[in-house]
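Sharing a structure below in structure tokens format, with a few things to ask.
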Amino acid sequence: MAGVRKILLAALILAAALLGRPALADGLQVGRTAPEITFKTLDGRTLDTRSMLGHVVIVTFWATWCPPCRAELPVLAGYAKKHAAQGLQVIGLSLDGKDSLDEVNKLADTLGFPVGLLPSPWLSGYGRIWHIPVSFVIDRQGRLAYNGWDDSDPELTAAKLNTIVTPLLASHR
Amino acid sequence: MPKHNVVFLSLAAILTPQVALACATCGCALSSDAAMGYSANAGWQISLQYDYINQNQLRSGSHAISPAQVAAINDSPGGDQEVENKTLNRYYTLGIGYSPNTDWNVKLLVPYIDRSHTTYGSSGNPLTADELSGSKISSLGDVKLVGSYQGFLPTHNLGVQLGVKLPTGDYGGPDAAGTGTVGHNPVRFNSGPGAGEILDTSLQAGTGSTDLIVGAYYYQPVSQNFDAFINGQFQSAVMHALDQPGADFRPGNQETVSLGLRYEARPDIVPQLQVNLSHKSADQGALADTADSAGTVIYLSPGVTVALAHKTLLYGFIQVPAYSHLDGYQLFPRWTATVGVSESL
């Protein structure tokens, strides 16, 4: 049994050593600078959230196979259209695979805001996107204003958008 | 409002059914599927896995037993109990898989068996080194072909497996008269007092049987940094070439269930802990050691999978028996090790 304990201990030490610097979302705090997201849109443009300083940015993660996401997206699209003049920018990042690209394109065409495919569920600074829908809101100064990981009911409804985002849009650009 | 878990894994590359080779109740229960992650990617995959299983401890029931205690059976009038000494197994398994799309996968597993075995035969006490007979196997084992379907859910995290194990490895034993052999090129002892005798049928490279394999798996994130998984596989011989009266052999059915957690905080290094429950029924037939081939084992298996490159994975595991209940007297490993590498093409 002593040998067994040594093997298990060695394995645990090895695992701990290998963990190194995990891509956790621990640094994601409301009021602090939001981690930058760079992505390629479906039409081939490269966008990044850092270049959107001065805008209020909603980043939402979704997939075509996720019914709550599909219920949320039209709400976001309507809200984005209504508040575009106030400097609102919505970004949709899909977790669909490339084999679902046609369906993603079809849905994206109805939204009116930029959409990209997330190549991996791991996003630096945001951790692993392990459930959807989940969204994050960044204020005009580039600070995180809403952390979807902290919300037990993370779908963005019209009421929630009015509570979280509308006050940010009222602030000066 | 329901949240939908995201279940695709960047480390996922390949589907490999659990390796379960002819080695009594000794091990081989590690889930390579979970080690590498379940794949939702189309294309070819190739893998190579090395298993090290050193069966150097005699056990009976749930306890270790000394060779002298087993040999004492032979000291009694009419006693006839084999006292095995050691079986060292090294398996090299080549895997070639193809996924035409995200729903289907088919995988060919080709094992090469390197096995050395020593036994005191039915010697009594005191056991001496000159009573040891030895054998050595280095040859192809039984090939497996397993298909998987995981199109039940859009997230592809529920799958079923159906496969077959073919009698490609050499197998056999003595014929009913004891003067000839049955099977295909069975290996003989090459040293000691038993030199020239045919090695036990259960220790040959193959079993001579065609086995049906059915399995299922499910996994999903349970928190931002952890995935949980469970899989099970059942293997049963449906045809056996060793079917002659007095010289027949059918390997016992095997059931394996693995469950565990994968730490997914970063995509390139994924530590995980598996619990592997394996049960094997007794081998049957005149060439079987029916009394000494059944058992139930639970292994604790810590390991890690590392992405060496975008589509290249390296994984390593140690299996430590946490519980075992073995019928009769069986050689058993104190630990086993598995390393493997896989590449998605």
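The values are calculated or read from the model by the stated rules, or taken from the named source; none is laboratory data. Here the structure is a predicted model, which is why all the values come from computation and not from measurement. Heads up, the Cβs are rebuilt from the backbone with ideal geometry, glycines too, and the neighbour counts pull from every protein chain shown. Remember, those area values only see protein heavy atoms, side chains included, never the ligands or the DNA or RNA. Shrake-Rupley method; radii C 1.70, N 1.55, O 1.52, S 1.80 Å.
Defining a contact as two alpha carbons under 8 Å apart and six or more residues distant in sequence, what relative contact order in percent does region B:238-345 show?
Once normalised by length, the contact order is 22 percent.
What is the dipole size for the protein assembly as shown, taken about its Cα centre, with +1 at each Lys and Arg Cβ and -1 at each Asp and Glu Cβ, in debye to the nearest 20?
The calculation lands at about 2240 debye.
Okay, next question. Could you tell me which residue out of A:92, B:214, B:318 lies farthest along the dipole of the protein assembly as shown toward its positive end? Charges go on the beta carbon: Lys and Arg +1, Asp and Glu -1, centred on the Cα centre.
Of the listed residues, the answer is A:92.
Also, quick follow-up: Report the accessible area of residue B:234, computed with a 1.4 Å probe over the heavy atoms of all protein chains in place, in Å² rounded to the nearest 10.
Around 80 Å² of this residue is reachable by solvent.
What is the sum of charges, Lys and Arg at +1 and Asp and Glu at -1, for the other residues whose Cβ falls under 12 Å from the Cβ of residue B:136?
Here the charged neighbours net out to +2.
Also, quick follow-up: Taking the Cβ-Cβ separation of residue A:152 and residue B:112 as r and a Förster radius of 60 Å, what is the calculated FRET efficiency to the nearest 0.05?
E between residue A:152 and residue B:112, to the nearest 0.05, is 0.70.
How big, in percent, is the set of alpha carbon pairs in region A:27-170 lying more than 18 Å apart?
Taking all Cα-Cα pairs of region A:27-170, the fraction more than 18 Å apart is 52 percent.
Just to check I understand the Karplus step: with θ = phi - 60° and J = 6.51 cos²θ - 1.76 cosθ + 1.60, what whole-Hz values come out for region B:79-84, glycine and proline as x?
So the Karplus estimates, Gly and Pro as x, are x, 8, 10, 5, 10, 6 Hz.
Counting pairs of alpha carbon atoms under 8 Å apart in space and at least six apart in sequence, what relative contact order in percent does region A:27-170 give?
Working: 245 pairs, mean separation 48.3, N = 144.
Computed value for region A:27-170: 34 percent relative contact order.
Which aspartates and glutamates, on any chain, are close to residue B:165 with Cα under 16 Å apart, when same-chain ones fewer than 8 places away are left out?
B:142, B:211, B:255
Within the set of other residues whose C-beta is less than 14 Å from the C-beta of residue A:46, count the net charge using Lys and Arg as +1 and Asp and Glu as -1.
In short, 0.
Consider all pairwise Cα distances in chain B and report the whole-number % of them above 31 Å.
33 percent
Please work out, to two decimal places, the log10 of the ratio I(q)/I(0) at q = 0.17, 0.22, 0.26, 0.30 Å⁻¹ from a Debye calculation in which every Cα of region B:36-91 carries one identical scatterer.
The Cα Debye sum returns log10 ratios of -0.71, -0.93, -1.07, -1.19.
Give the Cα extents of the protein assembly as shown along the principal axes, in whole Å, largest first.
Extents along the principal axes, in whole Å: 99, 43, 34.
Under the Karplus relation 6.51 cos²θ - 1.76 cosθ + 1.60, θ = phi - 60°, what is the ordered set of whole-Hz ³J(HN,Hα) values for region B:286-298, x standing for Gly and Pro?
Working through the residues one at a time gives 5, 8, 8, 9, 4, 6, 10, 9, 9, x, 10, 9, 10 Hz.
What's the Kirkwood radius of region B:259-306 in Å, using all Cα pairs?
Over region B:259-306, the inverse of the mean reciprocal pair distance is 13.2 Å.
Once the other residues with Cβ under 12 Å from the Cβ of residue B:286 are scored (Lys, Arg +1; Asp, Glu -1), what is the net sum?
-4
Note down the magnitude of the dipole of region A:27-170 about its Cα centre, charges +1 on Lys and Arg C-beta and -1 on Asp and Glu C-beta and zero elsewhere, to the nearest 20 debye.
400 debye
Determine the gain in length on full extension of the stretch residue A:170-residue A:120; use 0.36 nm per residue of separation and subtract their C-alpha separation, reporting nm with one decimal.
Additional length available on full extension: 14.5 nm.
Another question, if that's okay. What FRET efficiency do you get for residue B:129 and residue B:90 if R0 is 30 Å and r is their Cβ-Cβ distance, rounded to the nearest 0.05?
Numbers: r = 23 Å, r/R0 = 0.78.
After rounding, the FRET efficiency stands at 0.80.
Now a separate question. Treating only the Cβ of Lys, Arg, Asp and Glu as charged (+1, +1, -1, -1), what charge dipole size does chain B show about its Cα centre? Round to the nearest 20 debye.
1120 debye
Just to confirm my numbers, what's the Cα centroid distance between region B:141-207 and region B:73-112 in Å?
With region B:141-207 and region B:73-112 each reduced to a Cα centre, they are spaced 8 Å.
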